[in-house]
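Quick notes on the structure that follows.
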Amino acid sequence: MADRRPRVWVSQPLFDDTVAQLAAYCDVVATEQVSAHSAAELAAQLADVDGALVTLNDRIGAAEIANAPALKMIANVGVGYNNLDIGALSAAGILASNTPDVLTETTADLGFSLLMAAARRIVESDRWLRDGNWGQWSFTTMLGADLHGSTLGILGMGRIGQAIARRGHHGFGMKVLYHNRSQLPAEQEQAVGARYVGFDELLANVDHLVLVLPYTAQNHHIINAAALAQMKPSATLVNIARGGIVDELALADALAHGRLASAALDVYENEPNVRPELLALCNIVLTPHIGSASLATRRAMVQVAVDNLLAGLGIGPDAGKPANAINAELLGNGTARIAAAGKKIGDKKR
Ligand code: DGY
């Protein structure tokens with residue numbers, strides 16, 4: 001039987017040329033409007049395709065793939081992939097990929113921007129000025145916290161955590177402490193000027209804490225009321241990881257009652273809904289999950305995801321070996337659907 005062109009679903013509007021690039025090799029069903037697809041919609045879209053390009057808006061697990069016999073590859077546009085149930089995908093032989101590396105520096109830039117904005121009360125100052133409050137220059141207006149010379153804490157020391165540490169240490173002369181599942185090799189620690197400490201020691205000793213760890217069931221609300229109580233009341237908390245890491249009500253309470261000076265969040269537990277308790281506070285900066293949102297980086301992320309998707313469908317230079325497969329063990333043990341098919345599908349033009 002002649003090979004047919006693979007069918008792919010693009011779950012959210014991306015760049016115009018993304019669809020064109022995929023259409024050179026595949027039949028593409030593209031989504032025109034940003035959509036919060038329901039589980040039933042996801043299942044319906046995945047039922048008939050070989051591959052899908054998805055984002056963190058799309059939560060895909062056993063139920064969504066139960067009736068998707070042709071599905072071989074899901075390429076997530078993003079480094080975090082807690083929207084995907086990797087266990088369920090692996091059990092079904094479906095490969096999944098993410099987009100590490102290309103967004104590291106951009107996301108670290110945003111983390112640092114948020115830290116500066118919160119510690120130096122930049123957004124609060126802007127709003128205060130626009131609201132007509134600036135009657136006279138005063139010595140004590142908007143006093144904030146220094147970054148230079150202070151102690152920066154990083155929870156989660158992967159690529160982005162290290163990029164933030166580098167900015168703090170080399171750019172601002174900060175002392176950097178970190179906590180992570182495992183300690184980095186000494187030369188990596190030295191490169192970013194960071195010292196490993198326990199979780200409690202981190203909380204108690206830092207002036208600013210940036211959260212960059214992946215979201216898992218184990219670290220759900222790892223920053224809760226008890227953790228916040230261990231931090232200095234003068235400290236700043238920044239979350240650029242995933243919303244579920246922080247107990248938002250406990251954070252709002254600490255900020256409202258002077259037990260924490262300031263915070264900045266780019267991610268929320270129930271996006272795009274932000275709790276009114278957070279919205280009501282002036283000592284928190286709130287951005288709409290834009291960590292990797294520079295034009296150049298978003299383009300790079302989409303390109304990586306497209307390359308992964310095509311590779312997972314047996315097309316292109318990495319055919320059969322997506323560079324960023326999360327469950328790459330399927331390729332090694334022969335349980336990936338693409339491997340089980342025993343042949344490469346797709347357009348031979350490439
Ligand atoms: C990521 O890559 O995980 C971001 O949060 C989404 O762009």
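Go through segment 1-29 and count every residue that is free of Cβ contacts under 8 Å to residues at least 24 places away in the same chain, buried (at least 17 other Cβ atoms within 10 Å of the Cβ) and within 17 Å of Leu71 (Cβ to Cβ).
1
Which residue, of Glu105, Glu41, Glu32, is assigned to a helix (DSSP H, G or I) and more than 16 Å from the ligand (Cβ to nearest atom)?
Checking each option against the conditions leaves just Glu41.
State which residue is nearest to the ligand (Cβ to nearest atom) when the search covers only segment 72-102 and only residues that are of a type in the set (Val, Ile, Thr) and farther than 17 Å from Val8 by Cα. Before the answer, list the steps.
Initially, segment 72-102 is screened for residues of a type in the set (Val, Ile, Thr), giving 74, 77, 79, 86, 94, 99, 102.
Within this subset, residues satisfying the condition of being farther than 17 Å from Val8 by Cα are 79, 86, 99, 102.
Numbers: Val79: 4, Ile86: 14, Thr99: 6, Val102: 9 Å.
Checking each candidate, the answer is Val79.
What is the number of the single condition among (1) in a strand (DSSP E or B); (2) closer than 29 Å to Gly78 by Cβ that Arg195 does not meet?
That leaves (2) as the condition not met.
What are the residue pairs meeting all of these: first residue in segment 207-231, first residue of a type in the set (D, E, K, R), second residue in a loop (DSSP other than H, G, I, E, B), Cβ atoms under 9 Å, and 6 or more apart or on different chains?
Pairs found: Asp207/Ala145; Asp207/Asp146; Asp207/Leu147; Asp207/Ser150; Asp207/Met174; Asp207/Lys232; Asp207/Ser234; Asp207/Ala235.
Quick grid of which residues meet (1) without any contact (Cβ under 8 Å) to a residue 40 or more places away in the chain; (2) assigned by TED's automatic domain parsing to the domain that holds Arg121:
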| residue | (1), (2) |
| --- | --- |
| Ala252 | yes, yes |
| Ala256 | yes, yes |
| Leu260 | yes, yes |
| Ala264 | no, yes |
| Asn270 | yes, yes |
| Arg275 | yes, yes |
| Leu279 | yes, yes |
| Arg299 | no, no |
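Which condition breaks for Asp131 when tested against (1) crowded, with 19+ Cβ neighbours inside 10 Å; (2) not assigned by TED's automatic domain parsing to the domain that holds Ile326?
(1) is the only condition that Asp131 fails.
Please tell me if Val79 is within 30 Å of Asn205 (Cβ to Cβ) and assigned by TED's automatic domain parsing to the domain that holds Gly334. Break it down into steps so the answer makes sense when it comes.
Values: within 30 Å of Asn205 (Cβ to Cβ): yes; assigned by TED's automatic domain parsing to the domain that holds Gly334: yes.
Judged against the criteria, Val79 is a match.
Got a number for residues in segment 151-164 being more than 17 Å from Pro214 (Cβ to Cβ) and in contact with a Gly (Cβ under 8 Å, 6 or more places away or on another chain)?
Counting residues in segment 151-164 that are more than 17 Å from Pro214 (Cβ to Cβ) and in contact with a Gly (Cβ under 8 Å, 6 or more places away or on another chain) gives 1.
Scan segment 48-58 and give yes if some residue there is surrounded by 20 or more Cβ atoms within 10 Å (Cβ to Cβ), of a type in the set (A, V, I, L, M, F, W, C) and in a helix (DSSP H, G or I), otherwise no.
So far as segment 48-58 goes, no, none of its residues is surrounded by 20 or more Cβ atoms within 10 Å (Cβ to Cβ), of a type in the set (A, V, I, L, M, F, W, C) and in a helix (DSSP H, G or I).
I'd like to know if segment 282-298 contains one or more residues that are over 24 Å from Gly78 (Cα atoms) and in contact with a His (Cβ under 9 Å, 6 or more places away or on another chain).
No - not one qualifying residue is present in segment 282-298.
The values are calculated or read from the model by the stated rules, or taken from the named source; none is laboratory data. No experiment lies behind these values; they were computed from the predicted model shown. A quick note on method: Cβ atoms are made from the backbone with ideal geometry, for glycine too, and the neighbour counts reach across all protein chains shown.
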